Amino acid sequence: MGARPVLLVIDDEPGMLALVERIVRPTGFELVLHTSARDALAGLAASPADVALIDLQMPELGGLDVLKAIREIQPQCGVILMTAHAAVDSAINAVKLGALDYLSKPLDIDRLRQLLSQAREDAERRAALLAAENQTAHRLELCGMIGRSAVMQELFGLVRRIAPHARTALVTGETGAGKEGIARAIHELGPRRQRKFVTINCSAIVETLFESELFGHMRGAFTGATDHKAGLFEAADGGTLFLDEIGELPGAVQAKLLRVIENGEVQRVGSMQPKKVDVRIVAATNRQLKTEADAGRFRSDLYYRLNVIELAVPPLRERLQDIPYLTAAFVEEFSVKFHKQIDGVSPAAERTLMEGRWSGNVRELRNVLERACMLAEGRSLTEREIQSSMPSTTAAPPRSTDSLDRRPTPPRSDDLDAIERDHIIRVLAEERGNKRAAAERLGLSRRTLYRRLERHQLVPSRDTLGSVGSPET
Ligand SMILES: Nc1ncnc2c1ncn2[C@@H]1O[C@H](COP(=O)(O)OP(=O)(O)OP(=O)(O)O)[C@@H](O)[C@H]1O
Ligand SMILES: [Mg+2]
């Protein structure tokens, strides 16, 4: 341990402070002395102590209250009480409340030195453990992604192995599972990490603009093309192009994308000149692309081309062991963001998190913890704070069958589809059937809304690729 350990001494008698100072000085502790418990506590949050030596009987604030306050403000600080009177009962009470030990006055100097050296060893051991734990945590992460479970460690290993070589990769997984994180890691760990990582979200692009966005266009190629424009392929030249939600790519563009991947050449719309590009392609999807391909809704040749390397990110419910580590990281992030001192979650709150359904996966867990940290009043998040931050669809069904305690049963995950369907119908009705307005209110692109309408059989489904025009309002 580098810095000297800190001993905080609180006693209303200055003579006692001077005595402790004489005894302790040679032991190498840095001393912080206070005659006022309130001042001492006020300073503790900013400059923590390793051990505190506290008088049990003080006029302003009793030693037991100081002990309780320290356990709140800085639980890892060891507390030793001093008592002048035969107040052994309260001293024993103090030990029950978490004090290391108590000393009666006049002080037994050897005993005090012994307690301090023990406390010092404890502090050093804690610091060493913490450092080792941090090191392990770092080794087990992948570019900031957390995953201690065997399935995630396996996935991280695969990413590390393929990242130096892969020309294309397909990342699959449910919404919020971490697909973009994996895509970025492939870029970061590959030979192109100094070059650009360009993202395109295929569900956010109007169908007619795809080609121009991806491949660029020449002046006058279509109405509104007032200038030459490079596409995202050219922008990502030498780097990585991340095609997010590739399942939303229109059929005609799929064919062109396949050609670019195979030839390494793009052609701007309106140009006859192919242009060499050197781009690594990472695609992501939360759909069953194989099923889509089998059903003729996605080109099989493109699917097989991308699927040479598939990185499947497992849903959070299949790796519950990751929840405590993700929770710790998110709580730390949000306690900084909200300027609060939050160290973690209570054991009951952790159980609640472990029992959640997490259909929105890590993103949803993160959102719940953000809300809980916003609400938080103490140093650890309570079960209540977690519960009131969880959507009812995520919370586990009530454990108790007691009829007095019966909350409405949260919907099962197969019911989520029905809820989504009802919600879409209601919003569409309120917008008098205007899909553009409905999509905006739902936070979806029109294309995505159109897909959902198809899935819920609210519009006739397409039979073949590209047979449907743009999703009109
Ligand atoms: N293993 C992880 N460790 C830390 N943070 C994670 C992890 N996985 C996901 N996250 C966080 O969760 C959020 C969602 O992750 P990401 O955007 O990668 O998911 P996604 O699979 O691309 O979701 P979508 O399908 O909705 O696009 C992000 O804020 C991300 O930082
Ligand atoms: Mg994503």
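Which is more than 19 Å from the chain's Cα centre (by Cα) and under 20 Å from Pro250 (Cβ atoms), of Leu158, Leu189, Leu209? Result: Leu209 is the single residue among Leu158, Leu189, Leu209 that is more than 19 Å from the chain's Cα centre (by Cα) and under 20 Å from Pro250 (Cβ atoms).
Residues of the range 30-75 that are small (Gly, Ala, Ser) and in contact (Cβ under 8 Å) with a residue 12 or more places away in the chain: Ser36, Ala37, Ala40, Ala45, Ser47, Ala49, Ala52, Gly63, Ala69.
Tell me yes or no: at least one residue of the range 221-243 is in contact with a helix residue (DSSP H, G or I) (Cβ under 9 Å, 6 or more places away or on another chain), of a type in the set (Lys, Arg), more than 16 Å from ligand 1 (Cβ to nearest atom) and within 30 Å of Glu174 (Cβ to Cβ). Within the range 221-243, none of the residues are in contact with a helix residue (DSSP H, G or I) (Cβ under 9 Å, 6 or more places away or on another chain), of a type in the set (Lys, Arg), more than 16 Å from ligand 1 (Cβ to nearest atom) and within 30 Å of Glu174 (Cβ to Cβ). Residues that are farther than 14 Å from Thr382 by Cα and of a type in the set (Lys, Arg) were ranked within the range 323-354; the one that is farthest from ligand 2 (Cβ to nearest atom) is Lys340. Can you say whether Val277 is under 30 Å from His228 (Cβ atoms) and among the hydrophobic types (A, V, I, L, M, F, W, C), as far as the supplied structure shows? Yes; evaluated as a whole, the condition is true for this residue. Scanning the range 282-305 for residues that are in contact with a helix residue (DSSP H, G or I) (Cβ under 8 Å, 6 or more places away or on another chain) and either within 16 Å of ligand 1 (Cβ to nearest atom) or outside the structural domain of Ala236 (by TED's automatic domain parsing) (or both) yields Val282, Ala283, Ala284, Thr285, Asn286, Arg287, Leu289, Glu292. The sole residue among Arg317, Arg259, Arg297 that is basic (Lys, Arg) and buried (at least 17 other Cβ atoms within 10 Å of the Cβ) is Arg297. Step by step: first the residues of the range 100-147, then only those that are within 24 Å of Thr327 (Cβ to Cβ) and at pLDDT 90 or above, then the one that is surrounded by the fewest Cβ atoms within 10 Å (Cβ to Cβ). Which residue is that? Step by step, filter the range 100-147, then rank; the result is Gly144. Scanning the range 149-171 for residues that are in contact with an Asp or Glu (Cβ under 6 Å, 6 or more places away or on another chain) and not hydrophobic (A, V, I, L, M, F, W, C) yields one hit, Ser149. No other residue among Val198, Val171, Val151 is in a helix (DSSP H, G or I), of a type outside the set (Lys, Arg) and under 28 Å from the mean Cα position of the chain (by Cα) apart from Val151. Restricting the range 9-30 to residues that are in contact with a helix residue (DSSP H, G or I) (Cβ under 6 Å, 6 or more places away or on another chain) and crowded, with 17+ Cβ neighbours inside 10 Å, which is nearest to Gln118 (Cα to Cα)? Filtering the range 9-30 for residues that are in contact with a helix residue (DSSP H, G or I) (Cβ under 6 Å, 6 or more places away or on another chain) and crowded, with 17+ Cβ neighbours inside 10 Å, the one nearest to Gln118 (Cα to Cα) comes out as Val9. Given the structure, is Thr291 within 33 Å of the chain's Cα centre (by Cα), farther than 17 Å from Glu213 by Cα and surrounded by 22 or more Cβ atoms within 10 Å (Cβ to Cβ)? Considered against the rule, which asks whether it is within 33 Å of the chain's Cα centre (by Cα), farther than 17 Å from Glu213 by Cα and surrounded by 22 or more Cβ atoms within 10 Å (Cβ to Cβ), Thr291 comes out as no.
Scanning the range 177-192 for residues that are part of a loop (DSSP other than H, G, I, E, B) and closer than 22 Å to Ala137 by Cβ, we see that the one that is nearest to ligand 1 (Cβ to nearest atom) is Gly178. Suppose we keep only residues that are among the polar types (S, T, N, Q) and away from ligand 1 (no atom under 13 Å from the Cβ) within the range 193-219. Which one would you say is nearest to Glu318 (Cα to Cα)? My answer is Gln194.
The values are calculated or read from the model by the stated rules, or taken from the named source; none is laboratory data. What you see is a predicted model; the values in this text were computed from it and never measured. Glycine also receives a Cβ, built like all others from the backbone with ideal geometry; neighbour counts cover every protein chain displayed.
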